[in-house]
Amino acid sequence: MGNAARNSSEKMLLGCLFATALLFLLFVSIPTHAQTVGANLSGTVTDPSGAVIPRASVIITNTGTGVTAKTATNTKGIYTAHNLLPGTYNVTISATGFRSGVESGLILSVGEEKVLNESLSVGSSQQKVTVAAAAETVQLQSAAISGVLSTTAIRQLPLNGRSWTDLATLQPGVNQVRQMAAVGSPDRVGRGLGQELTVGGQRPQGNNYLLDGISINDYSGQAPGSLLGGNLGVDAIAQFRVLTTDYSSQYGRSTGGVITAITRSGTNQFHGSAYEFLRNSALDAQPYFNVGRNPPFRRNQFGASAGGPIKKGKAFIFGDYEGLRQFLSVSNQTQVFSDATLGIGTGPGGGPGPSMVACASSSDPNCNSSGTETLSQYAAFNGFTIPNPDPTTGIDTGVLPYIKAFYPRMNGGVVPGSPDSGFYNFNGFQQVSENYFTTRFDYHLGSMDTLAMVYMFDTNPGSQSDEFGNKTILNKTQRQVASVEETHIFGPSVVNIFRVGLSRVFAGAPAGVTAVNPLTSSTSLGFQPGDSAGGVQGVPGLTDFSGGLSYLYPGT
């Protein structure tokens, strides 16, 4: 019985494998369109009468690297070349009995579907007719509505923070979502840290971001970004295209727009750059309503990039590093207990006065002309008692230590319409350090094979003061993207693009916390034994206290 069952299982497994193989062969025999990372070039070759020329040779040469891609026309006179790196090309088309045609200066961009038709005249193939390629005014191969940002535009247009994805807003129908929660808040961390874009009126959550064909959307499926919400690496991006509508199903994963970028590669000539950008409060314009000097602010962005040949015409490498250091003074206004609520003042006997709070109702006979009453009077009128009132303030002795430890005394007056609360103003800070680098290796195996490998790493620790300056909150993001792509041309109409990639994102907010006020690390005020003080939330008129070290970050 056991052998029969085993034989049956083996037959079922073999049947499944056979069916899978047939299904695979069926799919590979169907012409499909791969997701375009580079550019596709296609066209028809004809003679002077308009008849197609089969088996015409097509040689496509990148003027920057000297790398050539070779293909030929099929029986219908059609040729196709897939996944060409963005750049400038010379295209040579030749056939027996015809003069060779040379199209020089043909510019291809990322994700482009370019059509180049050629009519060859009768003559010797040694004779050449050279034509300078003209820019197309109409996209003939695709109905997608899109726009391209070139290397020059990416590197030279002014960008606050040098985030290349911000340039997507130069395309019609693309806008930034400006009402976003602050970085470090639970809402922002849950939604993603990148600057959100709405494309064609669609939700920002529907966009897809591609780097060398690999989706780099963050852990929430939204725009990628570091703690500052941007994406460094302007000098590492060769081009990027924004597809807003009517793009084909090859892209997938998106109901909004597609932002697809490709990294720069080395060429036969060594090229490099070094740079530093400075922004600080001394150079910033004065806000119209600002009184006094601008809050201290300093941002340094610096880096270098370089690329060149390992072996000319064969292997190339490119690398880019960018660092960012920023210190920003942040003006904070929070709400704390008013002096009256804390019983700070002069009572009838010359000592501290009782705690005064806003009356719950004007019908309370203890309510004075200023609309306040003592805390004990407020409690009595509302039908509850304070279990262990402090003799001076009337506040419960179990609550008073938390108020004294973590809620500072107001320094900005009473909140209008809320005499229980006062303003506390202080200068906090935000300090960010970011290091980004990427490297790309291209290897031309032959006229039919190309290999590209890319690795990107971005780490971004930062710190900021909490709501009252009691502690420093540490946040961190770290991103890694790696991809390998191999393109093989089997013939005039068959090409295989193999691509595998990894995108890994870590975001911690908080990723750690350190004490400024020693009581935030003390266990004497913990809600549970061994814990530091818990948080205070949901009290009307007060800013929430985010708690002690172990409450905010259990790993502390």
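Place a point 7 Å from Cα of A181 in the direction of its Cβ. Which residues in the range 466-481 have their backbone N less than 19 Å from it? Correct set: 466-468, 473-478. Taking θ as phi - 60° and the Karplus parameters 6.51, -1.76 and 1.60, the scalar couplings of the range 81-86 work out to 10, 9, 6, 7, 4, x Hz in sequence order, x denoting glycine and proline.
Close lysine pairs were tallied over the chain: pairs 8 or more places apart or on different chains with Cα atoms under 23 Å apart number 8. 3J(HN,Hα) along the range 494-509: 10, 9, 10, 10, 9, 9, 9, x, 9, 10, 10, 10, 10, 9, x, 9 Hz, from the Karplus curve 6.51 cos²θ - 1.76 cosθ + 1.60 with θ = phi - 60°, whole Hz, x for Gly and Pro. Binning all Cα-Cα separations of the range 225-376 at 5 Å, short to long from zero, yields these whole-percent fractions: 2, 6, 9, 9, 8, 7, 8, 9, 7, 6, 5, 5, 5, 5, 4, 2, 2, 1, 0.
With volume of the Cα convex hull per residue in Å³ in mind, check (i) 157; (ii) 258; (iii) 185 and report the label derived from this structure. Computing volume of the Cα convex hull per residue in Å³ and matching it to (i) 157; (ii) 258; (iii) 185 gives (ii). Counting DSSP beta bridges in the chain, what percent are antiparallel, to the nearest 5? Bridges in the chain are about 90 percent antiparallel.
For H271 and S150 in one chain, what is 0.36 nm times their gap in residues minus the Cα-Cα distance, to one decimal in nm?
On the way: separation 121, 0.36 × 121 = 43.56 nm, distance 1.74 nm.
Value of the extension gain: 41.8 nm.
Full extension of the chain between N425 and Y402 gives 6.3 nm of extra length, using 0.36 nm per residue less the Cα-Cα distance. Kirkwood radius and radius of gyration were both taken over the C-alpha atoms of the range 300-420, and their ratio Rg/Rh is 1.53. Hydrodynamic analysis of the range 179-252 uses the Kirkwood radius over alpha carbon pairs. Inserted into Stokes-Einstein at 4 °C and 1.567 mPa s, it gives a translational diffusion coefficient of 96 µm²/s. Once both axes come from the Cα atoms, what is the angle between helix 2-28 and the longest principal axis of the chain, in degrees from 0 to 90, rounded to 10? For 2-28 against the chain, the angle is about 70 degrees. Translational diffusion of the range 413-484 was estimated from the Stokes-Einstein equation, with Rh taken as the Kirkwood radius over Cα pairs; at 4 °C and 1.567 mPa s the coefficient is 77 µm²/s.
Using the rule -39500 (n - 2.57) for each DSSP H run of four or more residues, divided by the residues of the chain, the 222 nm mean residue ellipticity is -3000 deg cm²/dmol. Summarising the amide proton neighbourhood of Q335: residues at separation of 5 or more, or on other chains, whose placed amide H is nearer than 5 Å comprise Y424, T543. Database remark: amide H of K471 closer than 5 angstrom to the amide H of D466, V516, N517 (H placed geometrically; neighbours at sequence offset of 5 or more, or on other chains; Pro and chain starts carry no H).
Would you mind calculating the gained length between I78 and S104 on full extension (0.36 nm times residue separation, minus the Cα-Cα distance), in nm to one decimal? Before the final figure, lay out each step's value.
Numbers: separation 26, 0.36 × 26 = 9.36 nm, distance 1.98 nm.
Computed gain between I78 and S104 is 7.4 nm.
Of all DSSP bridge pairs formed entirely within the range 154-262, close to 70 percent run antiparallel.
Accessible surface calculations at 1.4 Å, restricted to protein heavy atoms, place the chain at 50 Å² per residue. A Förster radius of 25 Å, combined with the Cβ-Cβ distance separating R279 from R504, puts the computed FRET efficiency at roughly 0.25.
The mean sequence distance of close C-alpha pairs (under 8 Å, at least 6 residues apart), as a share of the length of the chain, puts its relative contact order at 10 percent. With viscosity 1.306 mPa s and temperature 10 °C, the Kirkwood radius over alpha carbon pairs of the range 402-443 converts through Stokes-Einstein to a diffusion coefficient of 106 µm²/s.
Remark: spin-label model distance F527-T392 equals 2.8 nm, labels positioned 7 Å along the Cα→Cβ axis.
The values are calculated or read from the model by the stated rules, or taken from the named source; none is laboratory data. These numbers were taken from a predicted model, which means no experiment stands behind them. Ideal geometry is used to build each Cβ from the backbone, glycine not excepted, and the neighbour counts take in all protein chains shown. Keep in mind that these areas ignore ligands, DNA and RNA; they rest on the heavy atoms of the full protein, side chains included. Shrake-Rupley method; radii C 1.70, N 1.55, O 1.52, S 1.80 Å.
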